[in-house]
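These notes are about the structure you will find just below.
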Amino acid sequence: MIGAVDPWPVVGAVVVIGAAAARTLRRRRHRRRPVPPAPAPAPLPDVLVTAVEPRPTLPEPPVDLAERLGRSRGVFDRLRGLTSSAVGPEQLALVEEVLLRSDVGVATTTAVLHQLAEGAPEGVAAAVRAALRAALVSERSVRVEADAGRVGVWLFVGVNGVGKTTTIGKIATREVRAGRQVILAAGDTFRAAAADQLGQWAERSGADLVRAHEGADPGSVVHDAIGRAASRGADLVLADTAGRRASSTNLLDELAKVRRVADREPGQVLETLLVVDATTGQNALSQAREFLAAAAVTGIVLTKLDGTARGGIVVAIERELGIPVKFVGVGEGPHDLIAFDPDAFVASLLEA
């Protein structure tokens, strides 16, 4: 009987031969094909850019004051309709109501009523418009040029919450766009976020910033800012100041000291601007009176005028304090702080 044949050696040989064939096949498949050489790069010109064009800037659209002061204008709606020259008790009562509601103030309202009692040949609305315009001072220019060898300084004063730091940032934007080199002094060292907020405005506007640690002496910050401005040939220093309660004697003393430091060579205080919130109405007058003597205020910045129906506070401030409103805030944008124009203001309230 022939013995049985063991199949395992044959199977093993087949497996080995198959594995070798598979390896050979993979080698052939993965053999790299020759890559043709890349073409030589084209030569570059000697000069790529002959001139750098300035980045185009779009002009800011003009502010429609009548639209921005829509709330205050609404208070004068009924008065604008009084085009007749007839002046009787009903007309006088309406004029009195409108003026007091708009926060023109008792003194101005009384004066306007006395003038109307003498007649209004061109109409009641026209007479009121002329009386309000006459109550506003004409001179409200701002000084930006210091004496030779001095650095111009604008001080900003006012209680916390009126928009003082934002106002500085907006004015910095305005002055930088006018071609001036501006340095911001973060002199409100008692409010933790003030310097950070001013730093953000410095970045947006292109101004430089001088700041110190929280609780530092405000006068030293202003002094350092003036020194930097003098060394760099900057045109203007805009200095923030502490804004705690105006009834605080310490605060008023501090403001007087800061002003003395800012007016010492090489610094020269050109403007001291009191920032007040228009939405507070007659309270703005109380704040202003507290600051006048200590800070030698030269002008008023009235913020948030677009957010109130009490636009007549402009007239009350100028008539009762004798200080011009130089800027008004009529929006949240960086260009929504505008130079106050009395003619445009009165027209926005009373012209149809």
Here, ARG260 and ALA347, labelled 7 Å along Cα→Cβ, have an inter-label distance in nm of 4.7 nm
What aspartates and glutamates could a cross-link reach from LYS164, if we take a straight Cα to Cα line under 15 Å and drop same-chain neighbours fewer than 8 places away? ASP188, ASP196, ASP240, GLU271, ASP277, GLU332, ASP336
Within region 155-218, list the GluC sites (Glu not before Pro) lying in a DSSP loop whose Cβ has at most 14 other Cβ atoms in a 10 Å radius. GLU214
If the cut-off is a Cα-Cα distance under 16 Å, which lysines reach LYS170, setting aside same-chain residues fewer than 8 apart in sequence? LYS304, LYS326
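Could you pull out the GluC sites (Glu not before Pro) across region 274-352 that fall in loop regions by DSSP (anything but H, G, I, E, B) with no more than 15 other Cβ atoms inside 10 Å?
On the way: sites: GLU290, GLU318, GLU320, GLU332, GLU351; in loops: GLU332, GLU351.
Answer in residue order: GLU332, GLU351.
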Quick one: net charge of ARG71's neighbours, Cβ under 13 Å, K/R +1, D/E -1? +1
Hey, what do the phi angles of region 176-187 turn into as Karplus ³J(HN,Hα) couplings, whole Hz, using 6.51/-1.76/1.60 and θ = phi - 60°, x for Gly and Pro? 5, 5, 7, x, 9, 8, 10, 10, 9, 10, 7, x
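Taken together, the values in this text are just the output of simple stated rules run on the coordinates, not laboratory data. In this text the structure is predicted, and so the values were computed from the model without any measurement. As a convention, Cβ positions derive from the backbone with ideal geometry for all residues, glycine included, and neighbour counts pool all protein chains shown.
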